[in-house]
Amino acid sequence: VLAQLVAGNFEFDRCMITPFTVLGSCLGKICKVYLARIGSDGWKPETIIAYHNAYPPTTFNFNYFIPEGRRSGFDYCITKS
C-alpha cells in the first residue's frame, strides 16, 4: 500500500500534527514507512506514529533531514534469523 501526501493538498510546518488514513483490503501490521521530499527548503520530521486497530502502534523516530529526490525511512518488517 502506498500513501502519498502531495504538495498543495497538505502543508507541513514545525510542531504540526498531520493525521491521514490509508484504506486497503491487504493492509496488515504497519512495520515500515518511507518519506520523500521534493523541494529545496529542507524537512526534518521528528516522529511518525502509525496506528492500526488490530495491532499496537508503531513509532518511527526520524529526527534527521530528509534528502531531496529520494526516499528515506525505516523497515521494521525484516526479522533477524
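The values are calculated or read from the model by the stated rules, or taken from the named source; none is laboratory data. Small disclaimer: the values here were computed from a predicted structure and weren't measured. Positions of Cβ are generated from backbone atoms using ideal geometry, with glycine treated the same way; all protein chains shown enter the neighbour counts.
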Point to revise | Index of the failed condition, N63 passing every other in (1) polar (S, T, N, Q); (2) at pLDDT 90 or above; (3) farther than 17 Å from M16 by Cα | key: (3)
Check your understanding: How about segment 22-43: which of its residues are farther than 18 Å from D75 by Cα and modelled with pLDDT of 85 or more?
Key -> none
Review point. Which members of segment 51-73 meet the condition of being over 12 Å from I30 (Cβ atoms), outside any strand (DSSP E or B) and not hydroxyl-bearing (S, T, Y)?
Key: F62, N63, F65, I66, P67, G69, R70, R71
